[in-house]
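One structure below.
The values are calculated or read from the model by the stated rules, or taken from the named source; none is laboratory data. Since this is a predicted model, take the numbers as computed values, not measurements. As a convention, Cβ positions derive from the backbone with ideal geometry for all residues, glycine included, and neighbour counts pool all protein chains shown.
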Amino acid sequence: MKRALVLILSIIFTHKLLAQQRIIAECTITYNITASDSASVKMKAALKASSKTVYIKGNESRVNLVSPAFNQSVIYDKTSGEATILREFGSNKFITKFDNDKWLTENMQFEKIRVEPTNEHKTQLGYDCIKALLHLKDSSIYTIYYAPSIVPSVKEYEYLFKDVNGLVLSYEGLGTKGEKVIYTANKVNLSPVPISTFTIPNSGYRYLQ
């Protein structure tokens with residue numbers, strides 16, 4: 001009887017949550033990037049001068065990472081499963097294209113992720129966010145805060161988040177030496193995104209396999 005009651009309450013809560021969810025097909029999210037105290041002064045300064053911007057429009061996404069050392073853009077088409085990475089190092093520009101199979105192979109480490117929501121919440125940019133742990137198959141763990149009330153139409157904009165049922169507004173990653181790198185959204189803009197944002201250049205870049 002007790003199990004049945006718990007199951008009924010769980011179903012009611014799930015239906016209520018889904019009813020409150022909003023799929024957002026047009027948005028721009030900008031993130032500040034910082035490092036944990038264990039990071040070097042040089043690394044902290046570099047990250048402070050860096051930023052991450054996510055653009056979503058329908059089934060397309062673009063993620064721009066701008067830093068003092070390099071710029072990188074990942075353009076993804078959910079319909080075809082194809083992705084393009086643009087990299088700039090000074091005056092040197094490189095482009096790499098992935099078909100669906102190659103993109104899946106590129107992100108194999110993020111398959112079969114177990115999402116473990118916790119009872120911890122915080123308010124960020126006016127959204128109620130749930131703290132969750134992402135357990136990867138290599139035993140590494142990422143900590144995220146996501147807003148279940150809004151779900152991006154392309155959750156794969158960050159392949160790590162494809163199984164998260166909401167918009168991730170902050171998360172912790174790892175630096176090259178194991179330091180924590182914290183991404184914190186400072187703005188969510190729901191205005192239409194120009195289609196030109198997802199245009200892949202035909203020239204000016206050196207093609208890399």
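Taking the range 98-141 on its own, how many of its residues are in contact (Cβ under 8 Å) with a residue 40 or more places away in the chain and more than 22 Å from Thr184 (Cβ to Cβ)? Even if it seems obvious, please write down each step before you answer.
Kept after step one, since they are in contact (Cβ under 8 Å) with a residue 40 or more places away in the chain, are these residues of the range 98-141: 107, 110, 113, 115, 124-125, 127, 129.
Subsequent filtering for residues that are more than 22 Å from Thr184 (Cβ to Cβ) retains 107.
Residues meeting the conditions: 1.
Which residue pairs have Cβ atoms closer than 9 Å, lie 6 or more positions apart in sequence or on different chains, and pair a first residue in the range 142-162 that is crowded, with 22+ Cβ neighbours inside 10 Å with a second residue that is among the aliphatic types (A, V, I, L, M) and part of a helix (DSSP H, G or I)?
Taking only residues 6 or more apart or on different chains, the pairs are Ile144/Leu160.
Can you tell me which residue in the range 125-136 is surrounded by the fewest Cβ atoms within 10 Å (Cβ to Cβ), limited to those that are within 16 Å of the chain's Cα centre (by Cα) and in a strand (DSSP E or B)? It would help to see each step written out before you state the result.
First, the residues of the range 125-136 that are within 16 Å of the chain's Cα centre (by Cα): 129-136.
Going one step further and asking which of them are in a strand (DSSP E or B), we end up with 129-135.
Working: Cys129: 23, Ile130: 18, Lys131: 16, Ala132: 22, Leu133: 13, Leu134: 20, His135: 15.
Result: Leu133.
For Asn32, indicate whether it is surrounded by 16 or more Cβ atoms within 10 Å (Cβ to Cβ), among the polar types (S, T, N, Q) and at pLDDT 80 or above.
Numbers: surrounded by 16 or more Cβ atoms within 10 Å (Cβ to Cβ): yes; among the polar types (S, T, N, Q): yes; at pLDDT 80 or above: yes.
Yes.
Look at Asp138 and say whether it is over 23 Å from Ser51 (Cβ atoms) and at pLDDT 95 or above. So that I can check it myself, show each step before the final result.
Details: over 23 Å from Ser51 (Cβ atoms): yes; at pLDDT 95 or above: no.
Judged against the criteria, Asp138 is not a match.
Quick one: which residue in Ser203, Ser139 is out of contact with any strand residue (DSSP E or B) (no Cβ under 8 Å at 6 or more places or on another chain), part of a loop (DSSP other than H, G, I, E, B) and under 20 Å from Ile75 (Cβ atoms)? Please lay out each step first, then the result.
Numbers: Ser139 fails: under 20 Å from Ile75 (Cβ atoms).
The match here is Ser203.
Every residue in the range 64-78 that is closer than 15 Å to Tyr31 by Cα and either loosely packed, with under 15 Cβ neighbours inside 10 Å or among the hydroxyl-bearing types (Ser, Thr, Tyr) (or both), please.
Selection gives Ser67, Ser73.
For the range 79-102, which positions are under 15 Å from Lys155 (Cα atoms) and surrounded by 18 or more Cβ atoms within 10 Å (Cβ to Cβ)? Full working, then the answer.
Step one: filter the range 79-102 for residues under 15 Å from Lys155 (Cα atoms), giving 79-83.
Listed by number, the list holds a single entry, Ala83.
Among the residues in the range 196-204, are any free of Cβ contacts under 8 Å to residues at least 40 places away in the same chain and either surrounded by 15 or more Cβ atoms within 10 Å (Cβ to Cβ) or among the charged types (D, E, K, R) (or both)?
Looking only at the range 196-204, we keep the residues that are free of Cβ contacts under 8 Å to residues at least 40 places away in the same chain, and these are 196, 199, 202-203.
Right, trim to either surrounded by 15 or more Cβ atoms within 10 Å (Cβ to Cβ) or among the charged types (D, E, K, R) (or both) and you get none.
No, that holds for no residue.
For the range 98-117, what are the residues that are over 18 Å from the mean Cα position of the chain (by Cα) and either within 13 Å of Val164 (Cα to Cα) or among the acidic types (Asp, Glu) (or both)?
Asp99, Asp101
When residues of the range 163-173 are filtered for being in a strand (DSSP E or B) and crowded, with 22+ Cβ neighbours inside 10 Å, how many remain?
4
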